[in-house]
Each structure stands twice: as C-alpha cells, then as structure tokens.
Amino acid sequence: MVGVMRAIRQALREASSLAYIRDADIFAAPHINFIPGGVKEYFIGVKDGPSRRRELTCGMTEVTADVHLCCWVRIADYETSVIGEESSVTRGALEVARDVAAVLKDNRLGIKGMQAALLTAEPPSDLFVSDTGTSYQRKMVTLTYTWEE
C-alpha cells in the first residue's frame, strides 16, 4: 500500500491539470479530516482505506485496496466553493475532485503487477469547519486498486 500511496501523490503532483495546487498541498493524510498548517486555497489529502488479500495459485497474492482522495477548497463564497465559477479560474470542490479522478482513473501508476485502478465511490461534498473556525468544502473520491504480489 505504501508504494501505491506514494505513486498516487506523485501522479497528482506531476499532473498539468492540477498545476493550480502546490506540491506541498498534496499529502498523505493521517485522517480524512486532517488539515495541515500552511495549506493554500486548494489541497488534497491521500488517505489509505481498507484492503483485502486473496491467495492465488503459484504463491501469488491479489491485493485490492481503497484509497480516499479528500479534495478541499477553502470557502470564500459558499456556492463557488461547491461548483466553482464558470467565468473565472476559481474552482469548486466538485471541479477539483473531477480533475483528481481524471488523473487517477485507469492509471496503473507504473506499478508492476497493477491490474486495475477504478473510481468506485464519490459521496456528496460536505462542509467542514476547522477548530480555528475556517470553513472548507470537501469532496471525497475513492479509487480501488488491484495488484498482484
């Protein structure tokens, strides 16, 4: 799972479609609600989800693991933080999640033995207020990766 998480973080950092997000603002998150200090307007937490193992013949193991991508937008205007603003470069949480999914869906991350990278869940966006009182809109995207070891 460690290799998958690192490869996801790297793929997101290298994606030209996500150039509006600083590399430092794409990070492995210890919790889905984790907001590190110093983040800018948009940021993405990469959080490990559950994994399952299935023993195959010839000593191989098939691993299926979920990875949650928490796409965050600092709220300046509530509507814009959800859907963005068509006439400007201001993006909403739904747009950030769309950009993240486009980079990762069907992307086997260059990992040997990787068989599938599927977008498997996308719950509704939600409002989150930090302990400092800052408001954010968060949209989660879950991808399920399957590989053999």
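The values are calculated or read from the model by the stated rules, or taken from the named source; none is laboratory data. Treat the numbers as computed from the prediction; the structure is a model and nothing was measured. We place every Cβ from the backbone using ideal geometry, glycine too, and count neighbours over all the protein chains shown.
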Practice item. Give the residue that is nearest to K139 (Cα to Cα), with candidates limited to residues of region 64-106 that are of a type in the set (A, V, I, L, M, F, W, C), more than 17 Å from the chain's Cα centre (by Cα) and surrounded by fewer than 17 Cβ atoms within 10 Å (Cβ to Cβ). Key: I83
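Look through D106, D77, D99 and report the one residue that is in contact with a Lys or Arg (Cβ under 9 Å, 6 or more places away or on another chain) and among the acidic types (D, E). So that I can check it myself, show each step before the final result.
Numbers: D106 fails: in contact with a Lys or Arg (Cβ under 9 Å, 6 or more places away or on another chain); D77 fails: in contact with a Lys or Arg (Cβ under 9 Å, 6 or more places away or on another chain).
From the options D106, D77, D99, the qualifying one is D99.
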Practice item. Please list, ordered by first then second residue, the pairs with beta carbon atoms under 6 Å, 6 or more apart or interchain, first in region 124-149 and assigned to a strand (DSSP E or B), second surrounded by fewer than 11 Cβ atoms within 10 Å (Cβ to Cβ) and not polar (S, T, N, Q). Key: S135/V129
Exercise for review: Would you check which residues across region 83-98 are closer than 19 Å to L118 by Cα and in contact (Cβ under 8 Å) with a residue 12 or more places away in the chain and list them?
Suggested key: L94, E95, V96, A97
Exercise for review: Please give the number of the condition C58 fails out of (1) modelled with pLDDT of 95 or more; (2) among the hydrophobic types (A, V, I, L, M, F, W, C); (3) assigned to a helix (DSSP H, G or I).
Suggested key: (1)
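On the basis of being exposed (fewer than 12 other Cβ atoms within 10 Å of the Cβ), of a type outside the set (G, A, S) and touching a strand residue (DSSP E or B) at 6+ places or on another chain (Cβ under 7 Å), does R54 make the cut? Spell out how you get there, then give the answer.
Details: exposed (fewer than 12 other Cβ atoms within 10 Å of the Cβ): yes; of a type outside the set (G, A, S): yes; touching a strand residue (DSSP E or B) at 6+ places or on another chain (Cβ under 7 Å): yes.
So R54 passes the test.
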Point to revise | Matching residues in region 1-48 - criterion: being in contact (Cβ under 8 Å) with a residue 40 or more places away in the chain, assigned to a helix (DSSP H, G or I) and either of a type in the set (D, E) or touching a helix residue (DSSP H, G or I) at 6+ places or on another chain (Cβ under 7 Å) (or both) | key: I8, A11, L12, S17, L18
Review point. Hey, any hits in region 108-117 for a residue that's assigned to a strand (DSSP E or B), touching a residue at least 24 places away in the same chain (Cβ under 8 Å), among the aliphatic types (A, V, I, L, M) and surrounded by 17 or more Cβ atoms within 10 Å (Cβ to Cβ)?
Key: yes
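Pick out the one residue from V100, V67, V82 that is closer than 19 Å to M1 by Cβ and assigned to a helix (DSSP H, G or I).
Details: V67 fails: assigned to a helix (DSSP H, G or I); V82 fails: closer than 19 Å to M1 by Cβ.
From the options V100, V67, V82, the qualifying one is V100.
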